[in-house]
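Here is the structure we will look at.
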Amino acid sequence: QVQLVESGGGLVQAGGSLRLSCAGSGRTFVGYAMGWFRQAPGKERELVAAITWTGSTTYYAESAKGRFTIFRENAKATVYLQMNSLKIEDTAVYYCVAASSLVGIRTHAVGYWGQGTQVTVSS
């Protein structure tokens with residue numbers, strides 16, 4: 001069974017930091033791009049960040065630039081999202097995804113989704 005399992009969510013004050021992790025299992029993700037979407041209550045799901053298999057290319061939503069960093073450890077089949085300077089509007093469920101290409105993630109042609117982890121930023 002293919003799984004993407006997120007961890008690291010929680011409650012943090014505005015201005016604080018969190019690091020999300022996503023570990024893949026059940027198949028090899030060699031060559032796969034990975035990324036993070038988020039969905040806040042009453043809002044559409046949005047792509048936050050994505051990274052190619054090699055890590056040579058990344059994508060960030062405007063809202064994430066300068067504050068979030070995506071990186072991966074392929075030996076552990078794990079992708080991370082380091083989130084700094086968190087804002088109340090970052091509150092959402094964050095989902096890890098894997099797709100055959102970065103373009104696939106950006107066009108929401110995603111092969112695999114995690115179950116999501118809640119991030120809540122308080123004032």
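The values are calculated or read from the model by the stated rules, or taken from the named source; none is laboratory data. Computed from a predicted model, the values in this text were never measured in an experiment. Cβ atoms come from the backbone with ideal geometry, glycine included; neighbour counts cover every protein chain shown. What goes into the accessible areas is simple: the full protein's heavy atoms, side chains included, and nothing from ligands, DNA or RNA. Shrake-Rupley method; radii C 1.70, N 1.55, O 1.52, S 1.80 Å.
If you filter the range 24-58 down to residues that are of a type in the set (A, V, I, L, M) and in a strand (DSSP E or B), you find that the one that is nearest to T78 (Cα to Cα) is M34. Of all residues in the range 19-53, those satisfying the criterion of being of a type in the set (S, T, Y) and at pLDDT 95 or above are S21, T52. Flag: Q3 matches the condition of being open to solvent by 20 Å² or more (accessible area, probe 1.4 Å) and at pLDDT below 95. For V110, state whether it is surrounded by 15 or more Cβ atoms within 10 Å (Cβ to Cβ), at pLDDT below 95, over 15 Å from S17 (Cβ atoms) and of a type in the set (V, I, T). Answer is yes for this residue. For beta carbons closer than 6 Å, sequence separation of 6+ or different chains, a first residue in the range 28-39 that is farther than 16 Å from D90 by Cα and a second that is among the hydroxyl-bearing types (S, T, Y) and open to solvent by 10 Å² or more (accessible area, probe 1.4 Å), the qualifying pairs are A33/T52; A33/S101. Residues in the range 1-23 that are in contact with a Gly (Cβ under 9 Å, 6 or more places away or on another chain) and either part of a loop (DSSP other than H, G, I, E, B) or closer than 11 Å to Q115 by Cβ (or both): Q1, V2, Q3, L4, V5, E6, G9, C22. Is it the case that the range 32-41 has a residue that's of a type in the set (F, W, Y) and farther than 23 Å from T120 by Cα? Yes: the range 32-41 contains one or more residues that are of a type in the set (F, W, Y) and farther than 23 Å from T120 by Cα.
Of all residues in the range 63-79, those satisfying the criterion of being surrounded by 15 or more Cβ atoms within 10 Å (Cβ to Cβ) and part of a loop (DSSP other than H, G, I, E, B) are A64, R67, A77.
Yes/no matrix, rows are residues, columns are (1) of a type in the set (V, I, T); (2) within 14 Å of T69 (Cβ to Cβ); (3) open to solvent by less than 20 Å² (accessible area, probe 1.4 Å):
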{"residue": "L11", "(1), (2), (3)": "no, no, no"}
{"residue": "G15", "(1), (2), (3)": "no, no, no"}
{"residue": "S21", "(1), (2), (3)": "no, yes, no"}
{"residue": "S25", "(1), (2), (3)": "no, no, no"}
{"residue": "F29", "(1), (2), (3)": "no, no, yes"}
{"residue": "W36", "(1), (2), (3)": "no, yes, yes"}
{"residue": "G42", "(1), (2), (3)": "no, no, no"}
{"residue": "E46", "(1), (2), (3)": "no, no, no"}
{"residue": "A50", "(1), (2), (3)": "no, yes, yes"}
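The residue that is surrounded by the fewest Cβ atoms within 10 Å (Cβ to Cβ), counting only those in the range 88-107 that are of a type in the set (D, E, K, R) and at pLDDT 95 or above, is E89.
Note on the range 80-123: residues that are part of a strand (DSSP E or B), β-branched (V, I, T) and in contact with a Phe, Trp or Tyr (Cβ under 8 Å, 6 or more places away or on another chain) amount to 3.
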